[in-house]
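The values are calculated or read from the model by the stated rules, or taken from the named source; none is laboratory data. Note that the coordinates shown come from a computational prediction; the quantities given were computed from them, not determined experimentally. As a convention, Cβ positions derive from the backbone with ideal geometry for all residues, glycine included, and neighbour counts pool all protein chains shown. Heavy atoms of the whole protein, side chains included, go into the accessibility calculation; ligands, DNA and RNA do not. Shrake-Rupley method; radii C 1.70, N 1.55, O 1.52, S 1.80 Å.
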Amino acid sequence: MTLSHGREYLAIPGPSVMPDRVLRAMNRAAPNIYEGDLIDMVAAMIPDLRRVARTAHHVAIYIGNGHAAWEAALANVAGPGDTVLVPATGRFGHGWADMAQGLGVETDIVDFGKSTPLDPARVEQALRADTAGRIRAVLVTHVDTSSSVRNDVAGVRAAIDAAGHPALLMVDCIASLACDRFEMDAWGVDVMVAGSQKGLMVPPGLGFVFFSPKAAARRAEMERVSRYWDWTPRANPEQFYQYWGGTAPTHHLFGLREALDMIHQEGLEAVWARHAALARAIWAACAAWGQDGPLALNVADPAHRSHAVTALRIGAPYGSDLRRWVQDKAGVTLGIGLGMAEPGDPAWHGFFRIGHMGHVNAHMVMGALGAIDAGLKALEIPHGVGALEAASGVLAQAAG
């Protein structure tokens, strides 16, 4: 027998759960893309995007996923022969570095592993050693979706400044925007990339690149940027089509407008606080399960854990077995252990992730945790007791 019939819950770290309000906003006929309401809506939406990024500066929107945003950001500030420094804390740091290499940009990768945050002191050391000024930018992943490590962005800015280096600070906020606190201007970030499908609660398909005047000046020094990736006409369009380099992504924009309304109605500080409380509840449950079994949080120090995704180690084959049981029997889809081992390696089956980003509340989290608890029992995977009580206690205190 299965107990999965009913509304399924997608607890993966993106695409995240789409609110009914967003789905209803998108469920409409195609609009006029040359004049009228759509043009006015987008003009009003740009300041709201800046509010979420905590910046007063520029934003360019691309029809594409996070990988497209990576390439767009790089294409405007670096080219063949340039070098970027990449302190990597999981799969996606290496992914951004690979994108740079595809553009002919050399990459200096400092690998911090898959369970610990980057060390700003080592970033400073690498920049001080760059006496020739080869390094054009430092590429930081705020939250690595695979490892759930959250990095100290402000600390990296302090390291760059301490080294007296002119490198741009570029930050991947694809997993963290509108989930974990991020302060683009206050933290001295020059370029930030994000996507629509996680904290912004919209289907995959929009990539965002926010950039500072310093980054704009670097773009002006570039010998060439392709017409499509060039952020200048997108951030300062003379005609509406230049926002997109062509036809507008109309229905994504309707969804985004509604999602931004939801974020601002709740209040960004409240959004961050909600994500933090839900994350702590999940960690409390995982800690209880791990008291008498193989389950362990991938990131030991709570200060370095994401509030949007939690990566877990449980050992093969328990990770894949638990995911399949929870999905097939309880209707909850958990995330694979992406990047923690190669798919052909038996160890790949020893990891899973819980996504808790965007449109998520207490009963959704408690439901997912309850399904996992049932799966551990059904599969006779060793585990400690009291997980649901620990999680509910965190939520009771947070909401009390």
### Query
Which residues, counting only those in the range 220-279, are more than 22 Å from Asp20 (Cα to Cα) and among the hydroxyl-bearing types (Ser, Thr, Tyr)?
Ser226, Tyr228, Thr232, Tyr241, Tyr243, Thr247
### Task
Could you tell me whether Ala217 is more than 22 Å from Met26 (Cα to Cα) and open to solvent by 20 Å² or more (accessible area, probe 1.4 Å)?
yes
### Query
Taking the condition open to solvent by 10 Å² or more (accessible area, probe 1.4 Å) and either within 26 Å of Ala311 (Cα to Cα) or of a type in the set (D, E, K, R) (or both), does Asp161 pass?
yes
#### Entry: Residue that is nearest to Ile381 (Cα to Cα) [pool: residues in the range 340-367 that are small (Gly, Ala, Ser) and touching a strand residue (DSSP E or B) at 6+ places or on another chain (Cβ under 9 Å)]
Gly350
### Query
Restricting the search to the range 333-365, which residues are open to solvent by 50 Å² or more (accessible area, probe 1.4 Å) and more than 19 Å from Cys179 (Cβ to Cβ)?
Ile336, Glu342, Pro343, Gly344, Asp345, Pro346, His349
### Query
Among (1) of a type in the set (Val, Ile, Thr); (2) open to solvent by 20 Å² or more (accessible area, probe 1.4 Å); (3) part of a helix (DSSP H, G or I); (4) touching a Leu at 6+ places or on another chain (Cβ under 8 Å), which single condition is Val17 missing?
(3)
### Summary
Apart from one, (1) part of a helix (DSSP H, G or I); (2) in contact with a Ser or Thr (Cβ under 7 Å, 6 or more places away or on another chain); (3) crowded, with 23+ Cβ neighbours inside 10 Å all hold for Val84; the odd one out is (1)
### Query
When Gln101 is evaluated against the numbered criteria (1) under 30 Å from Ser16 (Cα atoms); (2) assigned to a helix (DSSP H, G or I); (3) out of contact with any strand residue (DSSP E or B) (no Cβ under 9 Å at 6 or more places or on another chain); (4) open to solvent by 20 Å² or more (accessible area, probe 1.4 Å), which criterion, by number, is the only one it fails?
(3)
### Query
Val394 is checked against (1) of a type in the set (A, V, I, L, M); (2) under 16 Å from Gly290 (Cα atoms); (3) surrounded by fewer than 22 Cβ atoms within 10 Å (Cβ to Cβ) and fails just one. What number does that condition carry?
(2)
#### Entry: So His5, is it modelled with pLDDT under 95 and either open to solvent by 60 Å² or more (accessible area, probe 1.4 Å) or among the polar types (S, T, N, Q) (or both)
yes
### Query
What number of residues within the range 41-59 are within 13 Å of Thr250 (Cα to Cα) and open to solvent by 30 Å² or more (accessible area, probe 1.4 Å)?
1
### Query
Which of (1) under 13 Å from the mean Cα position of the chain (by Cα); (2) open to solvent by 40 Å² or more (accessible area, probe 1.4 Å); (3) of a type in the set (Val, Ile, Thr) is the odd one out, the single condition Val193 does not satisfy?
(2)
### Message
List pairs: first residue in the range 370-391 and within 16 Å of Ala330 (Cα to Cα), second residue in a loop (DSSP other than H, G, I, E, B) anywhere in the structure, Cβ distance under 7 angstrom, at least six positions apart or on different chains.
### Response
Leu376/His383
### Message
Within the range 259-313, take every residue that is polar (S, T, N, Q) and more than 15 Å from Ser148 (Cβ to Cβ) and give me the one that is least open to solvent (accessible area, probe 1.4 Å).
### Response
Gln265
### Query
Which helices (runs of 4 or more DSSP H) sit wholly inside the range 186-271 and have at least 2 residues that are closer than 17 Å to Ala43 by Cα?
231-235, 250-266
